[in-house]
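**Student:** Sharing a structure with you now.
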Amino acid sequence: MRINLQTIRMRKFYLLLLSCLISTVLLAQPWTYDFGTGTGSFNTAGGSSTVFFSSTPSGTYRVRAATSGNQGSGFTLANPGTALGTGTELQINASVTASTNKFGVYDWTSPSTVAYLKFKLRTTSSGNGAIAIALGINTMGSDNNGYTSQYNNSLGIFSITYSSGAISAINRRISGSNVAITGSGLTKDANQIIEVYGNNSASSVAYTVGSTTYTLTTQQWDLWVDGVKISPANGWAKAGTLASGTNLSGFAIFAESSTSNAATAYIDDLEYSNLLPIQFYSKSTGALNDLASWGLNTDGTGTAPSNFTANSQTFRIVNNLTPTTNANWTVSGNSSQVILGDGTTDI
């Protein structure tokens, strides 16, 4: 009887991979938070709290009120809120001075050199003020500094500036200076979806939005507004001196420099992860799925889904390869695909 050594090696590979899938603790997922249905406020000048929110997912959730110029207006769990979401929204009123009112999340489980953040945002102002969003290291959410001094702690940071009740500038920070973002799509009094994808590794990485794969080169980040990619092809360069290979482990939303607390940001439906989203086609469900939603990591580790069994299915990561056995395997535009097969029609 002839023995195909390649077949034996592949079977051993699959057995090892399946063992990892079944036995490894889940390292990453898209963590979500919708701020619940409760109400409350936090306005202690110069104070902070890590217990203001209830039943939060991975990471520390913190609010920090400005030391001065807060005028009793910092954070409100608003229910009813605006039309942004359902239930409670986080309302962040901008402080009068550059001492910031800041909401941060940091030190989530198993941080890595990649991360993404997605949430609903609505901003408004009857005068001036600044709203900023940053993704970077844990210091981003845990310290008391405003956004203008955070660029060395950030991979990416951008701000919305109001003047005389209108948006006057959309900027990203790089090396301590503002660089204008054109065509951002950010508008006043609008319910919008913000997405930030970051890669602080030493090599390029891919992520998927819809059914299309995008590439982030080393130490680059992307901004999306309402499903439209705003940044250039391979992303924007890092904001400051953040070293390559440093884990991304925090994000923050800042509101400051607003006379009479005129500027306000409303936040709802947070989603964040220590993996970038990659989609795959599952033959067992016949649908596209987000990789992290099944508890699978790009290195083949993770907790297998409930309908994943060693007897009926195999798992394979396919890089730069379009499967041809069955047209249903193909995910158009993807250069990195995760495929679940039935074990008999393996590719």
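The values are calculated or read from the model by the stated rules, or taken from the named source; none is laboratory data. None of these values were measured; they are calculated from a predicted model. So basically every Cβ, Gly included, is an ideal-geometry build from the backbone, and we count neighbours across all protein chains shown. When the accessible area is computed, the model is the full protein with side chains, heavy atoms only, and any ligands, DNA or RNA have been set aside. Shrake-Rupley method; radii C 1.70, N 1.55, O 1.52, S 1.80 Å.
**Student:** Just the residues that are among the aromatic types (Phe, Trp, Tyr) and either over 14 Å from the mean Cα position of the chain (by Cα) or surrounded by fewer than 21 Cβ atoms within 10 Å (Cβ to Cβ) (or both), please, taken from the range 96-116.
**Tutor:** Across the range 96-116, the qualifying residue is only Phe103.
**Student:** When you look at Thr67, is it under 23 Å from Asp143 (Cβ atoms) and open to solvent by 60 Å² or more (accessible area, probe 1.4 Å), yes or no?
**Tutor:** Criteria met by Thr67.
**Student:** Give the residue that is surrounded by the fewest Cβ atoms within 10 Å (Cβ to Cβ), with candidates limited to residues of the range 218-238 that are of a type in the set (D, E, K, R) and in contact (Cβ under 8 Å) with a residue 24 or more places away in the chain.
**Tutor:** In this case the residue turns out to be Asp226.
**Student:** Within the range 18-33, does at least one residue satisfy the condition of being touching a strand residue (DSSP E or B) at 6+ places or on another chain (Cβ under 8 Å), modelled with pLDDT of 95 or more, surrounded by 15 or more Cβ atoms within 10 Å (Cβ to Cβ) and closer than 22 Å to Asn274 by Cβ?
**Tutor:** yes
**Student:** Mind listing whichever residues of the range 83-94 are under 22 Å from Thr259 (Cβ atoms) and part of a loop (DSSP other than H, G, I, E, B)?
**Tutor:** Ala94
**Student:** Moving to a separate point now. Checking Thr44 against (1) at pLDDT below 95; (2) hydroxyl-bearing (Ser, Thr, Tyr); (3) over 21 Å from Asn144 (Cβ atoms), which single condition isn't satisfied?
**Tutor:** Only one criterion is unmet by Thr44, namely (3).
**Student:** So which residues in the range 69-81 are over 12 Å from Phe254 (Cα atoms) and modelled with pLDDT under 95, if there are any at all?
**Tutor:** Gly69, Asn70, Gln71, Gly72, Ser73, Pro80, Gly81
**Student:** Asn178: open to solvent by 40 Å² or more (accessible area, probe 1.4 Å), modelled with pLDDT of 95 or more and assigned to a strand (DSSP E or B), yes or no?
**Tutor:** yes
**Student:** Assuming Leu242 fulfils every condition listed in (1) on the phi < 0 side of the Ramachandran plot; (2) open to solvent by 50 Å² or more (accessible area, probe 1.4 Å) apart from one, which condition is it?
**Tutor:** Just one mismatch for Leu242, condition (2).
**Student:** Looking only at the range 194-210, decide whether some residue is over 18 Å from the mean Cα position of the chain (by Cα) and open to solvent by 60 Å² or more (accessible area, probe 1.4 Å).
**Tutor:** yes
**Student:** Go through (1) farther than 16 Å from Phe119 by Cβ; (2) at pLDDT 95 or above one by one and return the number of the condition Ala202 breaks.
**Tutor:** If we test Ala202 against (1) farther than 16 Å from Phe119 by Cβ; (2) at pLDDT 95 or above, just (2) comes out false.
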